[in-house]
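For reference, the structure is listed below as structure tokens.
The values are calculated or read from the model by the stated rules, or taken from the named source; none is laboratory data. Worth saying up front: this structure is predicted, and the values here are computed from it rather than measured. For neighbour counting, all protein chains shown are included, and Cβ atoms are generated from backbone atoms with ideal geometry for every residue, glycine included.
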Amino acid sequence: MKSFFKVWWIALAVKTVIAICLPLSNDEAYYWVWGHHPHLSYFDHPPMVGWLFYLGTFLENIGHAARLPGVIVGHLTLLVWHKILSPYLNEKQLKHWLIFVLFSPFIGLGSLIQTPDVPMIFFWSLSLLLLLKLLEQPKLSLYAALGASLGLGFCSKYLIVIFVPIAIVWLIFSGEWRKVRWVYVPVTILVGLIFCLPVLIWNAENEWASFAFQLGHGLVSQKKNPMWPVNYLLGQIAILFPTTIWFALSRKEPRQARFLHYFGWLPILFFFSTSFRARVEGNWPAMAHPALLSLAFSNGPTSKWLRGTVVIWILATVLVFSQVLYPWIPVDSKKLKTSEFSRYDILLPIAKEKPELYFFSYQMAAAVSYKMKKQFFKLEGLNRRDFYDFTPQSRPKGDRFSLINGINDGLPEWAVQAGYVVTSERRLSDDFRLVEVERRAQDSNR
């Protein structure tokens, strides 16, 4: 067995153990809920991450193994990049590249945390491989496969749409457009539309709500902050690390590998341009990171600086994972992002006592549901719109229910109109309170 694949299999085994032991984040718990309510798509995101959790439902009694299907998909991304880089790196270099990226934030150990980015990065990478292959071998099957990959990528995260304009820019400026068998391109488009039908059908049935939400969330904001572009750039520098960026800019790679610049830097520039209109999350350009990491490594395969970067990534990973499993850093845990893994644990005894319990946020409802292995729901109309607002179970059927609400939040408008009133409340923390709600007698027959 080649040394690359030995490392790949060992890494998969290590990832599997860590994935089983590491608690689910609140967002992962939310996608786990999706896995228990499989649909064509969802309001917040396309369905792929929920489908992957659905595949893992039979494993959920083995620690936190419900995330394993997604972990495997994320690990397969490394095999795709092995195929992409094989023409430019020898076997020894490919093994060292694998060790380098295994500790990177998004495609390494970071891919243990299951979000829509994990399958999106896989299908983005697979689409790039298929694009390169069809330029070498203009087969109809490769054009159809590219459409299928892009369609499934769209079922993972909408941001994969920027793959197409980036590919067009690269084809034009590299001259590779001459190799395109244009008569096959309609097949790519048709197959792509077929494979993204679940998302299109769901949106058509729900007034295109998901598309509207994501466009408003990512490209437009009523408030403007001049620090957004600065924060975005600093965030990407911190995630990729300065040494990686330096080597990625060195331009020592083979001429045939120049496509990595387009698929690495153009997503970064695209989101930089949008950061002037709305705040950009640090993970949004995640699809660019495999190309940028590969550029950096190909320009400095024996660099001690890149080895030092790996050491820093390892230390950061150990720090974060150890803090999640056994909090030890001597600061207020609420000030750390890792606190979200246990933030709602104080609500578990209440959830055991009150079967008709609702919550005011999707993360809270999902976290309690996952830890109790019982479905609880956010009360419809509270907080921002999300998956729960599209489920009938988010509206109580009886005359009484309990609610974990925010300190200053009231009941949603529909509940007030239905005659529900707060009969008692108890403060649980600085952030939320337990509220008992009852429908007035004269309204109980509504």
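Structure summary
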quantity: In the range 240-292, the residues that are under 25 Å from A316 (Cα atoms) and more than 21 Å from the chain's Cα centre (by Cα); calculated: P242, T243, T244, I245, W246, F247, A248, L249
quantity: Single condition S221 does not satisfy, out of (1) without any contact (Cβ under 8 Å) to a residue 12 or more places away in the chain; (2) more than 20 Å from P290 (Cα to Cα); calculated: (1)
quantity: Pick from the range 255-281, criterion free of Cβ contacts under 8 Å to residues at least 12 places away in the same chain and not small (G, A, S), ranking: nearest to N225 (Cα to Cα); calculated: E281
quantity: Helices (runs of 4 or more DSSP H) contained in the range 95-200 and holding at least 3 residues under 16 Å from V80 (Cα atoms) and over 24 Å from the mean Cα position of the chain (by Cα); calculated: 117-136
quantity: Among residues of the range 68-96, those that are of a type in the set (S, T, Y) and surrounded by fewer than 20 Cβ atoms within 10 Å (Cβ to Cβ), counted; calculated: 2
quantity: Residues (at pLDDT below 90 and part of a loop (DSSP other than H, G, I, E, B)) located in the range 204-224; calculated: L219, V220, S221, Q222, K223, K224
quantity: Of residues in the range 114-129 being among the hydrophobic types (A, V, I, L, M, F, W, C) and surrounded by 22 or more Cβ atoms within 10 Å (Cβ to Cβ), the one farthest from Y31 (Cα to Cα); calculated: L128
quantity: Among the residues listed as V180, V118, V191, V187, the single one being within 16 Å of G70 (Cα to Cα) and touching a residue at least 40 places away in the same chain (Cβ under 8 Å); calculated: V118
quantity: Segments classed as helices (runs of 4 or more DSSP H), wholly inside the range 1-85, with at least 1 members that are over 30 Å from W97 (Cβ atoms), without any contact (Cβ under 8 Å) to a residue 40 or more places away in the chain and under 18 Å from the mean Cα position of the chain (by Cα); calculated: 26-35, 48-55
quantity: Tabulated pairs, the range 325-346, first in contact (Cβ under 8 Å) with a residue 40 or more places away in the chain, second outside any helix (DSSP H, G or I) and of a type in the set (G, A, S), C-beta under 7 angstrom, 6+ apart or interchain; calculated: E340/S25; F341/S25; I346/S429
quantity: Any hit, the range 354-368, residues being without any contact (Cβ under 8 Å) to a residue 12 or more places away in the chain and either touching a strand residue (DSSP E or B) at 6+ places or on another chain (Cβ under 6 Å) or not β-branched (V, I, T) (or both); calculated: yes
